[in-house]
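**Q** Attaching a single structure in structure tokens format; questions to follow.
The values are calculated or read from the model by the stated rules, or taken from the named source; none is laboratory data. In this text the structure is predicted, and so the values were computed from the model without any measurement. For neighbour counting, all protein chains shown are included, and Cβ atoms are generated from backbone atoms with ideal geometry for every residue, glycine included. Protein only, heavy atoms only, side chains kept; ligands, DNA and RNA dropped before computing areas. Shrake-Rupley method; radii C 1.70, N 1.55, O 1.52, S 1.80 Å.
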Amino acid sequence: MNLGKVVGTLVATRKEATMDGLKLMLVRHVDTEGRETGGQVVAVDAVGVGPGELVLVATGSSARQTVATQNRPCDAVIMAIVDTWEVGGVEKYRKD
Amino acid sequence: MNLGKVVGTLVATRKEATMDGLKLMLVRHVDTEGRETGGQVVAVDAVGVGPGELVLVATGSSARQTVATQNRPCDAVIMAIVDTWEVGGVEKYRKD
Amino acid sequence: MNLGKVVGTLVATRKEATMDGLKLMLVRHVDTEGRETGGQVVAVDAVGVGPGELVLVATGSSARQTVATQNRPCDAVIMAIVDTWEVGGVEKYRKD
Amino acid sequence: MNLGKVVGTLVATRKEATMDGLKLMLVRHVDTEGRETGGQVVAVDAVGVGPGELVLVATGSSARQTVATQNRPCDAVIMAIVDTWEVGGVEKYRKD
Amino acid sequence: MNLGKVVGTLVATRKEATMDGLKLMLVRHVDTEGRETGGQVVAVDAVGVGPGELVLVATGSSARQTVATQNRPCDAVIMAIVDTWEVGGVEKYRKD
């Protein structure tokens, strides 16, 4: 999974019918220090995220292994909200 | 999914038979500011796009999860036309 | 799919048995202006290409969705020969 | 598979239900000389790794082919702990 | 598929049980001129390669389409040993 930060939302009314009702989020990738890496993805929200939250994004066929996304043309899904992580025993991020 | 801009069309008469009748579009990737990133893809149009529109492209096996593309050798599909998106509450794009 | 140019052929006699009889082509990626991008792939020919032709290459599990490649350890297939494409209404390529 | 070094752990309590109980590790990619390449991934631990260990990470649908990860929205799994490797007959790494 | 050169071997005794008995090879990617590109992968050997050989590596779900790798958490497999390739009619490589 990729670490990412939810930076915005996207609306698309004309789409494949099976995508109806799914919430689309703009996510920027971050590294293990929490810095943006320049990468980004539009991901379906499967867990109820809010703006600015750090999340995990699963891609490819694994993005269809949630209740919200199965059998849909979805290749990226937010499947977890990060509480905290540490590197070498040093806490790098903690959700407020 | 990747954000992209539809910049052109492509014609290929000699192809795997299951690809007959599908419309092939040239799409350039854009970032969350709407700027082209240098990446590009040829994607099947599953939603009826027009030139210059901003779209979402699903890739990999997820590209086969539309009515138009199932069981076909298609690894990229336009499955949504973007109306608008915002980053940090600031609107970055709105379809005319 | 990726745009590519067929630049050569490859022979491998010792291989997974299911790959027997498949023609392997060297393909260099090109952008929407027809310029080589530096990327490359070895792809199975599913459509009967010739040297120098511009083609579409499908990758991943989608590369196994042709008659030639199903259930084989093939992650890249040439599934179309390009006749022409245009960007912004300007023709960028036409097959001779 | 990618070579990687386990550098930390990540906690996410709010997530797709099927991810409950899985341990999430921060892994930095290393090259065949053991040097970090700048890439990274959050992977499920399927083998019981410890901090600092060198591991193999499988991605994509292959990340779901372990007992721990099947049918889950997981696109990266640690499926082996590296004991040693050699390049050109020269040992490059040996686990303590 | 990617062109690669077998540069070494890797041993991992602690791993997902289904990976037992598979031989793991270090492969560096090469371009159509035979030059290393900087990329690398750890791949299962499905064909019996030797050190220094030029090979084809299939990745993703296609890496599980060999007798050795099916249903295993393997995302890269050596499925062919290259005998020769040519670019523009000029032979670039021939196995000794």
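**Q** Condition first: closer than 13 Å to E:L24 by Cβ and under 8 Å from the mean Cα position of the chain (by Cα). Now tell me which residues in segment E:47-80 satisfy that.
**A** Selection gives E:V57, E:A76, E:V77, E:I78.
**Q** Look at D:A63 and say whether it is open to solvent by 10 Å² or more (accessible area, probe 1.4 Å) and within 9 Å of chain E (Cβ to nearest Cβ).
**A** For D:A63, the condition - open to solvent by 10 Å² or more (accessible area, probe 1.4 Å) and within 9 Å of chain E (Cβ to nearest Cβ) - is not met.
**Q** Same structure, new question: Hey, can you tell me all the residues within segment C:1-52 that are farther than 21 Å from E:A80 by Cα, within 13 Å of chain E (Cβ to nearest Cβ) and not in a strand (DSSP E or B)?
**A** Result: C:G50, C:P51, C:G52.
**Q** Are there any pairs, at least 6 apart or on different chains, whose C-beta atoms fall under 7 Å, with the first in segment B:84-95 and in a loop (DSSP other than H, G, I, E, B) and at pLDDT 95 or above and the second of a type outside the set (A, V, I, L, M, F, W, C) and surrounded by 14 or more Cβ atoms within 10 Å (Cβ to Cβ), and if so, which?
**A** Between residues of segment B:84-95 that are in a loop (DSSP other than H, G, I, E, B) and at pLDDT 95 or above and residues that are of a type outside the set (A, V, I, L, M, F, W, C) and surrounded by 14 or more Cβ atoms within 10 Å (Cβ to Cβ), the close pairs are B:G88/A:G8; B:K95/B:D83; B:K95/B:T84.
**Q** Also, I was wondering about something else. Say we look at segment B:66-83 and pick out the residues that are outside any loop (DSSP other than H, G, I, E, B) and closer than 20 Å to B:K15 by Cα; which of these is farthest from the other protein chains (Cβ to nearest Cβ)?
**A** B:I78
**Q** Being farther than 24 Å from C:R64 by Cα and either touching a residue at least 60 places away in the same chain (Cβ under 8 Å) or open to solvent by less than 40 Å² (accessible area, probe 1.4 Å) (or both) is true for just one of B:V42, B:V7, B:V57. Which residue is that?
**A** B:V7
**Q** A further question follows. Given the criteria over 11 Å from the mean Cα position of the chain (by Cα), among the acidic types (D, E) and within 18 Å of B:W85 (Cα to Cα), does A:D83 qualify?
**A** no
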